[in-house]
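Remarks on the structure that follows.
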Amino acid sequence: MNTNRRVDLKIVILGSLGVGKTSLLNRYVNNRFTQEYRTTLGASILTKEIEVDNMFIKLQIWDTGGQERFKSLVPSFSKGSDGCVLVFDVTDQDSFYGLRGWREEVLLQTPLDHKDYPFVVLGNKIDISNRQVTSDEAKAWCAAHNIPYFEVSAKEDINVDHAFENIAQNALLQDSEWKDCYLTNSISLADNKTSTRQNCC
Ligand code: GDP
């Protein structure tokens, strides 16, 4: 791999129970899907290494489980995250309405300006015909919050890679903006020091 820089990014995936978070991760990381239903018990972290813009990125994706009883864990999981994947099930309207709450929980934990924290919304299970959330409804909510929206299927492997690449790219952008900011401050502090010394001697 021809890369110049190596970056580790922490991404959290959130949404109601059963929307397909674990399945999406399994599809993205292992290119596998299983119909077997199982509850995610607590946190699991999956890692995938990708290359974006000539940079080697290690994505650490944290899956917290969507159950109400795990909601209290969300603050500690999302602390220090570089981006968040919000998932709903297009055949379950409540899971769509739940996005607002998940978004607010995450924003409580970020030091970034809320408009800068990278989110992506995934409307999953588009392979099923009885939709309860239309594409337009989901797009409108995402546009209102300035969040990219992807219609996906973990089962049929539709758009999953695109969605995760999008969050990686946007998280990377924020990451480098933070670092640029930090570097700029360091330089200006050093400059001040030098000039003080010069005045002194
Ligand atoms: P989580 O609780 O959000 O992690 O949801 P899971 O990944 O455990 O998925 C819940 C159920 O939805 C499982 O039975 C999955 O097989 C099913 N599922 C997940 N993604 C899809 C999809 O894209 N299409 C269909 N038809 N079923 C899916």
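Criterion applied to 50, 61 was being surrounded by 12 or more Cβ atoms within 10 Å (Cβ to Cβ), at pLDDT 90 or above, more than 16 Å from the ligand (Cβ to nearest atom) and in a strand (DSSP E or B), and the one residue passing it is 50.
Can you tell me how many residues in region 133-152 are under 15 Å from residue 95 (Cβ atoms) and in contact (Cβ under 8 Å) with a residue 12 or more places away in the chain? Step through it out loud before you land on a result.
Quick first cut of region 133-152, residues under 15 Å from residue 95 (Cβ atoms) only: 133-134, 137-138, 141-142, 149, 151-152.
Now narrow it down to the ones that are in contact (Cβ under 8 Å) with a residue 12 or more places away in the chain: 133, 137-138, 141-142, 149, 151-152.
Total meeting the criteria: 8.
Among the residues making up region 128-145, those that are surrounded by 14 or more Cβ atoms within 10 Å (Cβ to Cβ) and more than 16 Å from the ligand (Cβ to nearest atom) are 137, 139, 141, 142, 145. Only one of the numbered conditions (1) in contact (Cβ under 8 Å) with a residue 24 or more places away in the chain; (2) surrounded by fewer than 21 Cβ atoms within 10 Å (Cβ to Cβ); (3) at negative phi is violated by residue 80, and that is (3).
Table: residues versus (1) in a loop (DSSP other than H, G, I, E, B); (2) more than 14 Å from the ligand (Cβ to nearest atom); (3) at pLDDT below 95; (4) farther than 14 Å from residue 86 by Cβ.
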{"site": "116", "(1), (2), (3), (4)": "yes, yes, yes, yes"}
{"site": "123", "(1), (2), (3), (4)": "no, no, no, no"}
{"site": "126", "(1), (2), (3), (4)": "yes, no, no, yes"}
{"site": "147", "(1), (2), (3), (4)": "yes, yes, no, no"}
{"site": "155", "(1), (2), (3), (4)": "yes, no, no, yes"}
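Just so you know, in region 90-113 the residues that are within 15 Å of residue 142 (Cβ to Cβ) and part of a loop (DSSP other than H, G, I, E, B) include one that is farthest from the chain's Cα centre (by Cα), and it is 90.
The values are calculated or read from the model by the stated rules, or taken from the named source; none is laboratory data. Computed from a prediction, not measured in an experiment: that's the story for all the values here. Because the Cβ atoms are built from the backbone with ideal geometry, glycine has one as well, and the counts that use them run over all protein chains shown.
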